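Chemist: Pasting a structure here, questions to come.
No lab work stands behind these numbers, since they all come straight from the coordinates. Predicted, not measured: the structure shown is a model, and the values here were computed from it. Note: ideal-geometry Cβ built from the backbone for every residue, glycine included; neighbour counts use all protein chains shown.
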Amino acid sequence: MKTIKIAIDGPAGAGKSTVAKLVARELGYLYIDTGAMYRALTYMALKEGIDLNDEQELNKYLMNHSIQLINDGVIQKVEIDGEDVTDLIRTPEVNKNVSLVASHPEVRKTMVKIQQDLSKDQSVVMDGRDIGTYVLPNAELKIYLTASINERAKRRYEELIKKGFQANLEEIIEDISLRDKRDKERATAPLKQADDAILIDTSSLSIEEVVEKIMKLVHERTGGET
Ligand code: CDP
Ligand code: CDP
């Protein structure tokens with residue numbers, strides 16, 4: 001049976017994971033959060049005291065351990081060698097360091113291989129930064145989601161407040177801007193819209209409206225054979 005791949009890329013807070021999860025659920029496809037994989041490696045490297053500039057050591061760690069994404073109904077759990085790190089990979093320390101870890105070409109090469117293996121022989125919705133450009137270059141549908149920096153930071157701010165954490169909007173703007181800059185300017189697989197990706201600016205759209213737009217595109221591309 002033919003499998004369908006949907007690639008969703010874009011900067012932090014654009015709504016990729018929220019929307020990708022809903023689209024995957026609606027279609028009955030597997031959802032793969034590639035950012036969670038870079039976050040998991042960053043968390044473990046910090047915990048193990050690995051120098052985040054040491055590309056070889058980071059890559060060795062990645063090759064010798066297993067990162068698992070477990071779709072548990074609504075929530076996607078992330079485990080490393082069976083240890084649940086779902087909440088631990090979303091701390092400010094991981095936020096600050098993840099784009100450095102993700103800048104190393106050897107690390108990216110190994111990650112891309114793992115991600116391609118995960119999506120082999122099945123229909124997937126995968127979100128990240130280089131999915132349409134490198135991981136799934138032949139995806140049936142490529143979306144580039146974006147929104148203004150103020151809107152993206154506001155979403156992250158509201159997320160934290162809702163969870164009962166303290167948050168500072170200026171700090172979030174700074175954190176996201178720095179991460180976006182690093183992701184866009186890195187030499188290997190930088191964040192950029194694939195030539196054949198469709199741009200959706202979500203600044204003034206609700207989650208439901210974005211999902212609806214993507215579902216319409218999926219049906220157009222697949223002739224309703226989903
Ligand atoms: O959810 P948020 O947009 O904050 O970030 P994420 O998707 O969890 O990704 C965290 C970081 O991982 C990004 O800022 C990138 O540095 C890196 N990443 C990447 O380089 N390539 C991917 N395919 C996914 C994430
Ligand atoms: O994965 P990415 O970093 O692109 O974004 P996210 O983690 O899905 O976070 C987006 C946040 O903005 C979530 O709290 C969503 O509820 C909210 N949001 C959205 O995703 N899309 C909209 N159109 C409006 C709000």
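Chemist: For the chain, what is the calculated [θ] at 222 nm in deg cm²/dmol (nearest 500), taking -39500 (n - 2.57) for each run of four or more DSSP H residues and dividing by its residue count?
Modeler: Mean residue ellipticity, 222 nm, calculated: -15500 deg cm²/dmol.
Chemist: Between LYS216 and LEU30, take the C-beta separation as r, use R0 = 30 Å, and let me know the FRET efficiency to the nearest 0.05.
Modeler: Computed FRET efficiency for LYS216 and LEU30 comes out at 0.90.
Chemist: Among MET111, MET63, MET37, which one shows the biggest mean-square fluctuation in a GNM of the chain, springs joining Cα atoms closer than 10 Å?
Modeler: MET63
Chemist: Quick one: net charge around ASP121, please, counting Lys, Arg +1 and Asp, Glu -1 for every other residue with C-beta under 12 Å from its C-beta.
Modeler: Around ASP121, the charge tally is +2.
Chemist: Which whole-Hz couplings ³J(HN,Hα) result when phi for each residue of the stretch 122-127 is put into the Karplus expression 6.51 cos²θ - 1.76 cosθ + 1.60, θ = phi - 60°, listed in order with x for Gly and Pro?
Modeler: 9, 7, 9, 10, 10, 10
Chemist: Note the full-extension length gain between SER66 and GLU158 as 0.36 nm times their separation in residues minus their Cα-Cα distance, in nm to one decimal.
Modeler: Fully extending the segment from SER66 to GLU158 adds 29.9 nm.
Chemist: Still on this structure, please answer the following. Arranged by the count of other C-beta atoms within 10 angstrom, fewest first, what order do ARG186, ARG129, ARG152 take?
Modeler: ARG186, ARG152, ARG129
Chemist: Let me ask you something else. Rg/Rh for the chain to two decimals, with Rh computed the Kirkwood way over all alpha-carbon pairs.
Modeler: Result: Rg/Rh = 0.94.
Chemist: Divide, for the stretch 62-148, the radius of gyration over alpha carbons by 2.2 N^0.38 Å, where N is the residue count.
Modeler: 1.17
Chemist: Between the alpha-carbon centers of the stretch 69-137 and the stretch 185-226, tell me the distance in whole angstrom.
Modeler: 19
Chemist: Taking a 31 Å limit on the Cα-Cα distance, which of the listed pairs LYS142/LYS181; LYS96/LYS163; LYS96/LYS216; LYS2/LYS60; LYS2/LYS162 fall beyond it?
Modeler: Result: LYS96/LYS216; LYS2/LYS60; LYS2/LYS162 exceed 31 Å.
Chemist: Which listed residue (ASN97, GLN116, MET63) has the Cα farthest towards the positive end of the charge dipole for the stretch 5-216, taking +1 on Lys and Arg C-beta and -1 on Asp and Glu C-beta about the Cα centre?
Modeler: Positive-most Cα among the choices belongs to GLN116.
Chemist: Go ahead and set up a Gaussian network model of the chain, Cα springs under 10 Å, then flag whichever of ASP84, ASP175, ASP72 fluctuates most.
Modeler: ASP72
Chemist: Over the chain, what is the relative contact order in percent, taking alpha-carbon pairs closer than 8 angstrom and at least six residues apart?
Modeler: In percent, rounded to a whole number, it is 32.
Chemist: If you don't mind, there's one more thing I want to ask. How much length is gained if the chain between LYS109 and ILE75 is pulled fully straight, taking 0.36 nm per residue apart and subtracting their Cα-Cα distance, in nm to one decimal?
Modeler: Extra length available between LYS109 and ILE75 comes to 9.5 nm.
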